[in-house]
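*Asks:* I have a structure I would like to understand better, so I am pasting it below and will then ask my questions one at a time.
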Amino acid sequence: MSGSEMEATYRSVRENVESVRARIDAAANRAGRRPESVRLMAVTKTRSLPQIEAAYAAGVRLFGENLVRDAGEKYRSFRSDAELHLIGHLQRNKVRAACDVAACVESVDKLATAEAIAARCREAGRAMDVLLEVNTSGEATKSGFASRDGLVRDLEAIRFLPSVTVRGLMTVGPLTDDERSVRRAFRSLWQLREELRAGFPGVDWSELSMGMSGDFEIAVEEGATIVRIGAALFGARPTP
Ligand SMILES: *Cc1c(COP(=O)(O)O)cnc(C)c1O
């Protein structure tokens, strides 16, 4: 990147961060929530290090990556006060690398994954925060626990794993322009969290990670504490 391209990147990312943050704050205010209760995550899949640096310079401290390999390359020596969450499906053979780089795995959708994280983190002498991913859209291509019963069954074991701390729930909303079905999906995640809070009061249910570039304002209105934003900060993803 040339110097002027770099400057343009920093400027556009800063403007985008400010405008997304303003929209988050407005949505929170509409819903009678404190704007500080919603964290903005910059989702950096396919993005370059200068773009990530630009988001950091604009004040973002929470980052998300889908692939462990990319996360390792970009974040292993990134700023020490930045927090990285893995938001993509975590394959078993990537758990070791994930435990080296991430503060939280948001995409835990079965007991075996949580067990593998616990085993590796215990070896490494660290703890890992996790969110349980829920399929709220019913779309077969989406990952996440498909049923409340399945989640509860695995949670019975996950909550006692050493080195793994459940912090809440995550979902990817349905891919549609129909605002009502998006809102229904986010509301169902909030509702599920309330049920789980009642059934498992010893677990920390603080986080609801939901909302992406196309639907984050609805998610904030429905209780999101983390919104995961890529395109609205960095522009449309380059098509491969
Ligand atoms: C890519 C991705 C996002 C961000 O999507 P945008 O539409 O670019 O904002 C959020 N969450 C997950 C799980 C993703 O894979």
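*Asks:* Suppose the filter is within 15 Å of the ligand (Cβ to nearest atom), basic (Lys, Arg) and surrounded by fewer than 19 Cβ atoms within 10 Å (Cβ to Cβ); does Arg34 pass it?
*Replies:* So Arg34 fails the test.
*Asks:* Under the condition of being among the small types (Gly, Ala, Ser) and under 17 Å from the mean Cα position of the chain (by Cα), which residue from the stretch 40-71 is nearest to Thr171 (Cα to Cα)?
*Replies:* Out of the qualifying residues, it is Gly64.
*Asks:* Search the stretch 84-97 for residues being over 21 Å from Leu151 (Cβ atoms) and among the aliphatic types (A, V, I, L, M), and hand back the single one that is modelled with the highest pLDDT.
*Replies:* Leu84
*Asks:* Quick one: which residue in Phe186, Phe216 is among the aromatic types (Phe, Trp, Tyr), surrounded by 17 or more Cβ atoms within 10 Å (Cβ to Cβ) and free of Cβ contacts under 8 Å to residues at least 60 places away in the same chain?
*Replies:* Among Phe186, Phe216, only Phe186 is among the aromatic types (Phe, Trp, Tyr), surrounded by 17 or more Cβ atoms within 10 Å (Cβ to Cβ) and free of Cβ contacts under 8 Å to residues at least 60 places away in the same chain.
*Asks:* So Arg193 passes all but one of these: (1) basic (Lys, Arg); (2) under 19 Å from Val20 (Cβ atoms); (3) out of contact with any helix residue (DSSP H, G or I) (no Cβ under 8 Å at 6 or more places or on another chain). Which condition number does it fail?
*Replies:* (2)
*Asks:* Could you identify the single residue in Ala102, Ala28 that is out of contact with any strand residue (DSSP E or B) (no Cβ under 8 Å at 6 or more places or on another chain), modelled with pLDDT of 95 or more and surrounded by 17 or more Cβ atoms within 10 Å (Cβ to Cβ)?
*Replies:* Ala28
*Asks:* With the structure loaded, tell me whether Glu53 is among the charged types (D, E, K, R) and modelled with pLDDT under 95 or whether it fails that test.
*Replies:* Spelling it out, it is not the case that Glu53 is among the charged types (D, E, K, R) and modelled with pLDDT under 95.
*Asks:* Note down all Cβ pairs under 8 Å where the first residue falls in the stretch 28-40 and is over 19 Å from Gly59 (Cα atoms), the second is charged (D, E, K, R) and surrounded by 14 or more Cβ atoms within 10 Å (Cβ to Cβ), and they're at least six residues apart or on different chains.
*Replies:* From the stretch 28-40, the pairs are Arg30/Glu221; Ala31/Glu221; Ala31/Glu222.
*Asks:* While we're on this one: Give me the residue from the stretch 72-97 that is part of a loop (DSSP other than H, G, I, E, B) and either over 18 Å from the mean Cα position of the chain (by Cα) or away from the ligand (no atom under 14 Å from the Cβ) (or both) and, out of that set, farthest from Glu18 (Cα to Cα).
*Replies:* Among them, the one singled out is Gln91.
*Asks:* Kindly indicate whether Glu73 is in contact (Cβ under 8 Å) with a residue 12 or more places away in the chain and surrounded by fewer than 16 Cβ atoms within 10 Å (Cβ to Cβ).
*Replies:* no
The values are calculated or read from the model by the stated rules, or taken from the named source; none is laboratory data. Here the structure is a predicted model, which is why all the values come from computation and not from measurement. As a convention, Cβ positions derive from the backbone with ideal geometry for all residues, glycine included, and neighbour counts pool all protein chains shown.
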